[in-house]
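Here's the structure we're looking at; comments come further down.
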Amino acid sequence: MTKNKTFMKYLLKTQLNIIKNPCIDIQLVDKLTSKRQDFEALIDTGFDGWISFDLALASILGLESLGLIKTINADGQEILNPVFVVDIQLPCLDLASTSYRIKCIAKAKQVDEVIIGSKFLDHFCNQNKLKLSFDYPNNEIYFEDL
């Protein structure tokens, strides 16, 4: 019997039929109220943090800031952003019951509502012994067993 190596596969979303943006469905959960909100999160391997979301979502989820942290934008500009603790779940994976409690930053007027950074991807893949593959010619994202 051959084991299927593909753990989960996602189709890449397209924007303006020109730019391919890799996205994955996630759920943010307020650790105090258990309020849940589903999002399509952009995978940004150039973002070296965990998760970044639009500041308006903090209000929607009823989150309270832990304080401010200095971050550096892609253009090199230093900025102070509020930090929040949220539970993250990936509801469409077999590991849907697995929750990750992490600190996230929030930015005012962030273009994409939720962005997943390389720290979260690294942690998720290492913890679950997976590798993440981007297959741009076929518009697919794979989480595969190592």
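Annotations for the structure displayed:
- Residue match in the stretch 52-65 (condition: aromatic (F, W, Y) and either surrounded by fewer than 15 Cβ atoms within 10 Å (Cβ to Cβ) or at pLDDT 80 or above (or both)): yes
- Criterion violated by D94 - all others in (1) at pLDDT below 80; (2) surrounded by 14 or more Cβ atoms within 10 Å (Cβ to Cβ); (3) among the charged types (D, E, K, R) satisfied: (2)
- Taking first residues from the stretch 40-56 that are on the phi < 0 side of the Ramachandran plot and assigned to a strand (DSSP E or B) and partners that are of a type in the set (F, W, Y) and surrounded by 21 or more Cβ atoms within 10 Å (Cβ to Cβ), the Cβ contacts under 7 Å between residues at least 6 apart in sequence or on separate chains come to I51/F120.
- Of the residues making up the stretch 121-131, not a single one is in a loop (DSSP other than H, G, I, E, B), buried (at least 19 other Cβ atoms within 10 Å of the Cβ) and either modelled with pLDDT of 85 or more or over 11 Å from the mean Cα position of the chain (by Cα) (or both).
- Residue that is surrounded by the most Cβ atoms within 10 Å (Cβ to Cβ) [pool: residues in the stretch 97-117 that are at pLDDT 90 or above and among the aliphatic types (A, V, I, L, M)]: I116
The values are calculated or read from the model by the stated rules, or taken from the named source; none is laboratory data. Remember, predicted model here, so these are calculated numbers, not experimental data. Positions of Cβ are generated from backbone atoms using ideal geometry, with glycine treated the same way; all protein chains shown enter the neighbour counts.
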